Structures are given as structure tokens and as C-alpha cells.
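Each remark here refers to the structure printed beneath this line.
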Amino acid sequence: MSECLFCRIAAGEIPSKRVFSDDRIYAFEDIAPKAPVHILVIPRKHVSRLSELSEEDAPLAAEAMRRAAAIAKERGLTDFRLVANDGAGAGQSVFHLHFHLLGGRPFSWPPG
Ligand code: 5GP
Ligand code: ZN
């Protein structure tokens, strides 16, 4: 059994509120939402962080980003933010690559 939280969530070993699922991508509601819409979009394949993404696996990131945009559209979001925190200093707490899809409220820039 994997020790990675998001690998276990994608495998269904830990429950989550599924938003999308196929053989490469899994999307689910964040357990501690920071906006009215806060969905995590992940590749099923374990990649620890964006900076560790290989050229071979790069299409998985593109697919996750496109899926996030499709989910935003489904949710009726005209504006949204897509975030990948890379490293603890940038706010990454789960080391399985994920994109935060955030929407439903205004966002300031630069982020904190
Ligand atoms: P990070 O801080 O690594 O960029 O984002 C990790 C995200 O995962 C956080 O927004 C956090 O709320 C979410 N999270 C952590 N544990 C769980 C969990 O068990 N289930 C779900 N659905 N989200 C989680
Ligand atoms: Zn993982």
C-alpha cells in the first residue's frame, strides 16, 4: 500500500468527494476549502512536485490543467485561479503533484 495520501485517495483507499476520474487524472474536493470552489486535480501517477515532473510525464500536467479548466467551466466559473505549490516554502504540504482549482470569490495579486 502506498504511503502517499493522494495516491491512496486516487486509489479509493481513503474517501474523497470525487469530481472527475479517468485512468490518468483524478479530481476531488479539497477537505479545507479556501474558496467556494476548491478542487484538487492530480495525476494518478505519483509525481512528488512540479519541479520533479519528467519530460515523459509532462503531458499529465497539461491534461490536469485542461481538466481543471473544464471543471471550472462546468461549475460556471468565468474567472478562476489554478495553483501548484512547489516545495514547503511555497506552501506545499502534500508531496504528490496537484493543482488547486480555486473560484467563486475575488482573488488578490500577488498571493500571500
Ligand atoms: P498543498 O498545501 O500541498 O499545496 O495542498 C494540499 C491540499 O490538500 C490542502 O489544500 C489540504 O486542505 C488538502 N488536503 C490535505 N489532506 C486532505 C485529505 O485527506 N482529503 C482532501 N480532500 N484534501 C486534503
Ligand atoms: Zn502519490
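Kindly check whether there is at least one residue in the stretch 12-23 that is under 10 Å from the mean Cα position of the chain (by Cα) and under 21 Å from Arg105 (Cα atoms). Give the derivation first.
Narrowing the stretch 12-23 to residues under 10 Å from the mean Cα position of the chain (by Cα): none.
Checked against the condition, which is being under 10 Å from the mean Cα position of the chain (by Cα) and under 21 Å from Arg105 (Cα atoms), the stretch 12-23 yields no hits at all.
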**Pick from the stretch 23-32, criterion surrounded by 11 or more Cβ atoms within 10 Å (Cβ to Cβ) and of a type in the set (A, V, I, L, M, F, W, C), ranking: nearest to ligand 1 (Cβ to nearest atom)** = Phe28
**Asked** So which of Pro43, Pro36 is in contact (Cβ under 8 Å) with a residue 24 or more places away in the chain and open to solvent by 80 Å² or more (accessible area, probe 1.4 Å)?
**Response** Pro36
**Message:** I want to confirm something. Restricting to the stretch 35-48 and keeping residues that are part of a strand (DSSP E or B) and among the hydrophobic types (A, V, I, L, M, F, W, C), which single residue is farthest from ligand 2 (Cβ to nearest atom)?
**Reply:** Val37
**Item:** Residue check for Val83: within 16 Å of ligand 2 (Cβ to nearest atom), in contact (Cβ under 8 Å) with a residue 12 or more places away in the chain and β-branched (Val, Ile, Thr)
**Value:** no
**Message:** Quick check on the stretch 65-73. Is at least one of its residues among the basic types (Lys, Arg) and under 16 Å from Arg105 (Cα atoms)?
**Reply:** yes
**Message:** Being modelled with pLDDT of 95 or more and under 17 Å from His96 (Cα atoms) is the requirement here; does Ala70 meet it?
**Reply:** no
**Prompt:** For the stretch 5-22, what are the residues that are open to solvent by 70 Å² or more (accessible area, probe 1.4 Å), more than 16 Å from ligand 2 (Cβ to nearest atom) and not in a strand (DSSP E or B)?
**Reply:** Pro15, Lys17
**Fill in**
Sole miss for Leu102 among (1) farther than 23 Å from Arg18 by Cα; (2) not in a loop (DSSP other than H, G, I, E, B) is condition (1)
**Complete:** For the stretch 73-99 the number of residues that are more than 15 Å from the chain's Cα centre (by Cα), part of a loop (DSSP other than H, G, I, E, B), at pLDDT 95 or above and on the phi < 0 side of the Ramachandran plot is 3
**Asked** Could you say whether any residue in the stretch 57-70 is open to solvent by less than 80 Å² (accessible area, probe 1.4 Å) and in contact with a Gly (Cβ under 8 Å, 6 or more places away or on another chain)?
**Response** no
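Given the options Ser2, Ser51, name the one that is in a helix (DSSP H, G or I), away from ligand 1 (no atom under 13 Å from the Cβ) and farther than 23 Å from Arg105 by Cβ. Give the steps one after another, and end with the answer.
Values: Ser2 fails: in a helix (DSSP H, G or I).
Exactly one residue qualifies, and that residue is Ser51.
Looking at Ala88, Ala84, which one is exposed (fewer than 11 other Cβ atoms within 10 Å of the Cβ) and within 10 Å of ligand 1 (Cβ to nearest atom)?
Working: Ala84 fails: exposed (fewer than 11 other Cβ atoms within 10 Å of the Cβ).
Testing whether each residue is exposed (fewer than 11 other Cβ atoms within 10 Å of the Cβ) and within 10 Å of ligand 1 (Cβ to nearest atom) leaves just Ala88.
The values are calculated or read from the model by the stated rules, or taken from the named source; none is laboratory data. On a predicted model such as this, the values are computed, not experimentally measured, just so you know. Positions of Cβ are backbone-derived with ideal geometry, glycine not excepted, and every protein chain shown enters the neighbour counts. SASA here: full protein model, heavy atoms, side chains in, ligands and nucleic acids out. Shrake-Rupley method; radii C 1.70, N 1.55, O 1.52, S 1.80 Å.
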